Amino acid sequence: MAEILRGKPVAEQLIFRLQERTARLKEAGIVPTAAIIRFGSNSDDLAYERSIIRNAEKIGAEMVVFELDAEAQQKEAEDLITKLSCDASVHGILVFKPLPAIIDEKRLMQLLAPDKDIDGATEMSMAALYSGNGKYHIPCTAKACLEILRYYGINCSGKKAAVLGRSSVIGKPAAMLLIQEDATVTVCHSKTMDAAAVCREAEIVIACAGKAEMVDKDYMNKDQVLIDVGINFDETGKMLGDVKYSDAERFVRAVTPVPGGVGAVTVAVLLDNLVTAAENNRK
């Protein structure tokens, strides 16, 4: 049976360390503070928001929520981003996505100060990740994958790794982080010939293709570690990952569950980026 790489203990360890760092900041009169910008009141956004606020309270950070109308105009959103980017009391800014169709996302994100981009979503953040200079913040979900590997003592150096998915939010950043850990990485996507064969040769697989249970036993080997980033729902509303869990748990070396895996760590990573932003602001 596979080792189950649960996210809860990883998140708890991160939160404990953040409590210590936040306490030191408070001694210097600094309270890590983030602005959440949300368009409308989508139920998924509200659930994510509650999770962020609940965990922020654990470490003593503050969250300020700005709710814009779902039909807000570009100028209103741009004015808010500009104002918060210039506000010294705000250390981090998080913009909930997807944005309304009327909003030009690229223009909006160009106005977000990269040192406050705690979601790692701006072009400057991406450039910093690819250059490896560590100047700005790493996309949270990709970083959460690596936090899980570290927590469970899974060494990436010299290993063959495959990333299923090439999105700028997860796939590409995850591939770069694995390269920085000295893994040999192949990125698979919709045009990849026989992605299953590529994955069968890999010792570490990060599945972020967005297709329910596409990673079945044909993609697996018995020495493999599977990090499942997928969030999909079947016709009954049950949450499913990109990995066919019933195959993985009986065959591979280790696998993250869905739910209870990567998602459980993502909020803690977001708060880690916030505390880092506050620490950098202090320097």
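A short reminder: the numbers here are calculations on the coordinates, not readings from a lab. A quick note: this is a predicted structure, and the numbers were derived from the prediction, not measured. A quick note on method: Cβ atoms are made from the backbone with ideal geometry, for glycine too, and the neighbour counts reach across all protein chains shown.
Label-to-label distance for residue 20 and residue 190 is 4.6 nm, based on points extended 7 Å past Cα in the beta-carbon direction.
Going by the alpha-carbon gyration tensor, a ≥ b ≥ c the square roots of its eigenvalues, is segment 78-222 rounded (a/c under 1.5) or, if a/c is not under 1.5, prolate (a/b greater than b/c) versus oblate? Don't jump to the answer; show the numbers that get you there.
Numbers: a/c = 2.77, a/b = 1.82, b/c = 1.52.
Here segment 78-222 falls in the prolate category.
Relative to the longest principal axis of the C-alpha atoms of the chain, give the angle of the C-alpha long axis of helix 8-27, reported between 0 and 90° and rounded to the nearest 10°. The angle comes out near 30 degrees.
Most tightly packed first, judged by the mean number of other beta-carbon atoms within 10 Å of their residues, the peptides 199-209, 54-64, 22-32, 160-170 read 199-209, 160-170, 54-64, 22-32. For the listed peptides 189-197, 118-126, a ranking on the average number of other beta carbons within 10 Å per residue, highest first, reads 118-126, 189-197.
Can you sort 274, 46 so the residue with the fewest Cβ neighbours within 10 Å comes first?
On the way: 274 28, 46 14.
Ascending Cβ contact count within 10 Å gives the list 46, 274.
Take every DSSP beta bridge whose two residues both sit in segment 140-263; close to 10 percent of them are antiparallel. When shorter helices are ignored and each DSSP H run of at least 4 residues is given -39500 (n - 2.57), the per-residue value for the chain at 222 nm works out to -12500 deg cm²/dmol. Helix 171-180 and the longest principal axis of the C-alpha atoms of the chain enclose an angle of approximately 80°.
Under a Cβ-only charge scheme (Lys and Arg +1, Asp and Glu -1), can you give me the dipole magnitude of the chain about the Cα centre, in debye to the nearest 20?
On the way: 34 positive and 40 negative charges, 147 e Å.
So the magnitude is around 700 debye.
Provide 148, 231, 102 in ascending order of the number of other Cβ atoms located within 10 Å of each residue's Cβ, fewest first.
Details: 148 24, 231 18, 102 12.
If I rank by nearby Cβ atoms, fewest first, I get 102, 231, 148.
Please give me the summed charge of the neighbours of residue 110: other residues whose Cβ is under 10 Å from its Cβ, Lys and Arg +1, Asp and Glu -1. Don't jump to the answer; show the numbers that get you there.
Values: positive: 106, 107; negative: 78, 104, 105, 123.
Taking every Cβ under 10 Å from that of residue 110, the sum is -2.
For the chain, just run the numbers: alpha carbon Rg, then divide by 2.2 N^0.38 Å, N being how many residues it has. Show your work: numbers first, answer last.
Details: Rg = 19.0 Å, N = 283, 2.2 N^0.38 = 18.8 Å.
Computed over Cα atoms of the chain, the ratio equals 1.01.
Once you sort the root eigenvalues of the Cα gyration tensor of segment 140-263 as a ≥ b ≥ c, which label holds: rounded (a/c under 1.5), prolate (a/b larger than b/c) or oblate (the other case)?
Details: a/c = 1.31, a/b = 1.28, b/c = 1.03.
Because its axes are fairly even, with a/c under 1.5, segment 140-263 counts as rounded.
Pull out a ≥ b ≥ c, the square roots of the eigenvalues of the alpha-carbon gyration tensor of segment 29-113, then state rounded if a/c is under 1.5, prolate if not and a/b is larger than b/c, and oblate in the remaining case. It comes out oblate by the Cα gyration axes.
Relative to the longest principal axis of the Cα atoms of the chain, the long axis of helix 74-85 makes an angle of roughly 80 degrees.
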